[in-house]
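Beneath this line is the structure, given in structure tokens, with notes to follow.
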Amino acid sequence: MPADSGLSWNLLSDIDQMWKLDSMVNAYRAGTIVAVLAAVVGWFVVLRRQTFVAHTVSLAGFPGAAAAVFLGVSASWGYFGFCIGAAAVIAALARSGKGGMAEESALTGIVQSFTLACGMLFVALYKGFLNGVNSLLFGSFLGVTPGDIAVLAAVAAVVLLAMALIGRPLLFASVDPAVADARGVPSRTLSLLFLVLLGATAAEVSQITGSLLVFALLVMPAATAQRITARPGRSLVLSVVFALAVTWFGLGAAYFSPYPIGFWITTFAFGCYLLANLYGFVVRWRGAGRRHMVEALGVS
Amino acid sequence: MTAVDAVDAVNTDSEAAAALLDGESRVCNAGNEPVAVVELRGASASVAGRTLWGGVDLTVECGEFVAVLGPNGVGKSTLVKVLLGVLPAAAGEVRVLGHRPGTAGAQIGYLPQRRSFDASLRIRGIDVVRLGLDGDRWGIPLPGTRRFGGTKRREADARVREVIELVGASAYAHRAIGECSGGEQQRLLIAQALVRKPRLLVLDEPLDSLDLPNQASVAALIGRISRSEDVAVVMVAHDVNPILPYLDRVVYLADGGAASGTPEEVITTETLSKLFRTPVEVLRASDGRLVVVGGPEAPVMHSDRHAGALVGGDGRDADRRATDRRVTDGRASDRRAADRRPAGSEADDAR
């Protein structure tokens, strides 16, 4: 955190000053890429109710990054390798069963505790590293290099392209698997592919929010958007809007305050979710009131 | 996603949707080969070496409404699988629309056994219907193209609206489907099965787990659609009474055998006694309801469907349980008959 940061009375000049820093510009670029990707993939995660799997896959980023630092390679390799690897393990093992939800969640829990344990192992192996654990778990936006941004952008482009291609059949298979199967939608293959895409996404998001707070971008904007509208197109767009807003405000707030980025993003996202719930409650309450009135009028 | 890819996806999407929507206002079999929609000749099915039912002779013509009846675990859903081509028939001949089962594609609409949507699922009913039209196509429709998009896209939208109106779901099609009642969900799912203008509609226990007024109204809806849309309906049913006024034909499956014909021919004391090789009595209540007494299981009962579904288990035990239930069920069915709605009412029941 820059020592001379902190808000003055002139917000515009503060922002202007923030933009002069290359590290902040890079952080905004990376955050924007990650927010769009997380919002789109997260929308399907929420719809398919795979939040537990998403959580597990993103936690795998922690041992991944720790291992990468221990081995002296870029942390991004560790994130991508371990997150996609964890997704592949869950996909491969879940395949042998008959796809029962209970079995899958038990398996997911096993993978989750194992990845956490591995993370602590790598932290213990790399002795002087303990200071970095916080940023691995709770996120950091400093030190994003142009090279990192290029990798983030490339992976995001591939994942989004794949999502555009499989989007509709995946939606069909998620909403109505029995009929989708009867129509010849390869729902099994699609769900395996989606897990791998989820792994890549979790790896990207982990690099900004940290492994523990991936949900802030992966699940909260999508859940918020789905609370507000049941129209798929609209809620997908809203999800992206929320993720971008939360990321941009979170980065700004983290720059002007001594608190970590993960906290800000999560707090803003949670605030949005609460507001959306309040909105949903008000809409339903007014709807119920109107129905009540219609009934009353109909009776009298 | 690049703009070019997305536009491509939209184009192929519209063309495909247009291909589905040809043959407007189809008259029965007009422009199609003059063949029966379903033709079974001496068909039988076996699972794991055990014959479930056999000797089924059935011809379903365009626009006919046929019920598949029988005791639990006899293989009614297996007949559906045979018609869909998922499971081959063990013997005999099966033709669907003049071809081998499983090759008719969009010409068959299928409604699987009862599935309900979770209350938290935030997708509108109209979207679920739309997925039935083009949900199996790759790519996603680009938002905003509807305004500039071709007539094909609009035709697809119009078809979805039309089919929702047909099942009387317009009032709640824009609500999240998880918030709809069981009867409302079932209507939307029927719309989904109908959206591609199939010539055959295969429904697996669509009235299961609906309350009685909704059973009557959904049955009336299916009866009306089979006539107005010229779509043949093969429906697996547990209770014949809600659909009895609309039926052209029934298939009664029994352990190893089967009987088919009009309801008047099949649901009689004589035919069912012969089929089940045990004395069975068919009683007709004053309101026209049929009650089957003494068979392996009476079709009127709303019992736990899966209690007897353990095929290959101790059959006699299941029979005894069925008889016990029948005794206690007698008075309940009288009560149900009393508060039944008049046949033909399609009105939605209040939630």
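A:VAL34 sits among other residues whose Cβ lies under 14 Å from its own Cβ, and their net charge, with Lys and Arg +1 and Asp and Glu -1, is -1.
Can you give the average number of partner chain beta-carbon atoms within 10 Å of each beta-carbon in peptide A:169-181, as a whole number? The mean count of partner-chain Cβ atoms within 10 Å per residue comes to 6.
Per-residue SASA remark: B:ARG122, around 40 Å² accessible (1.4 Å probe; ligands, DNA and RNA not included). Expressed as a whole percent, the proportion of Cα-Cα pairs in segment A:11-215 lying more than 31 Å apart is 22%. Solvent exposure of A:ILE33, expressed as accessible area, is near 40 Å², computed with a probe of 1.4 Å over the protein chains only.
Within the assembled protein chains, the solvent-accessible surface assigned to A:ASP16 is about 90 Å², based on a 1.4 Å probe. Segment A:142-210 and segment B:222-247 have Cα centres spaced 43 Å apart.
Sorted largest first, the principal axis extents computed over the alpha-carbon atoms of segment A:201-276 equal 39, 25, 16 Å. All other residues whose Cβ lies under 15 angstrom from that of B:LEU40 are scored, Lys and Arg at +1 and Asp and Glu at -1, for a net of +1.
Which net charge results when you count Lys and Arg as +1 and Asp and Glu as -1 among the other residues whose beta-carbon is under 15 Å from that of A:ALA154? That works out to -1. Legend: residues A:LEU195, A:LEU21, sorted from most to least accessible area (1.4 Å probe; ligands, DNA and RNA excluded), read A:LEU21, A:LEU195.
Taking a span of 20 Å or more along the helix axis (Cα atoms) and a mean Kyte-Doolittle hydropathy of at least -0.5 as the rule, the DSSP H helices of chain A that qualify are A:22-48, A:75-96, A:101-125, A:146-175, A:187-209, A:232-256, A:261-299.
Mean-square fluctuations from a GNM of chain A, with a 10 angstrom spring cutoff on Cα atoms, peak among A:ALA276, A:ALA182, A:ALA150 at A:ALA182. For segment B:38-268, the pair-distance distribution built from all alpha carbon pairs, in bins 5 Å wide starting at 0, is 1, 7, 14, 18, 19, 15, 12, 8, 5, 2, 1, 0, 0 percent.
Shielding of peptide B:182-192 by partners, expressed as the average count of other chain Cβ atoms within 10 Å per residue Cβ, is 0. With a 1.4 Å probe rolled over the protein heavy atoms of all chains, the accessible area of A:VAL151, B:VAL240 falls in the order A:VAL151, B:VAL240, largest first.
How many Cβ atoms of partner chains, on average, are near each residue of A:235-243 if near means within 10 Å of its Cβ?
Counting Cβ atoms of other protein chains within 10 Å of each residue's Cβ and averaging gives 1.
The values are calculated or read from the model by the stated rules, or taken from the named source; none is laboratory data. Treat the numbers as computed from the prediction; the structure is a model and nothing was measured. All Cβ positions, glycine included, derive from the backbone under ideal geometry; neighbour counts span all protein chains shown. These area figures cover heavy atoms from the full protein model, side chains too; ligands, DNA and RNA do not enter into them. Shrake-Rupley method; radii C 1.70, N 1.55, O 1.52, S 1.80 Å.
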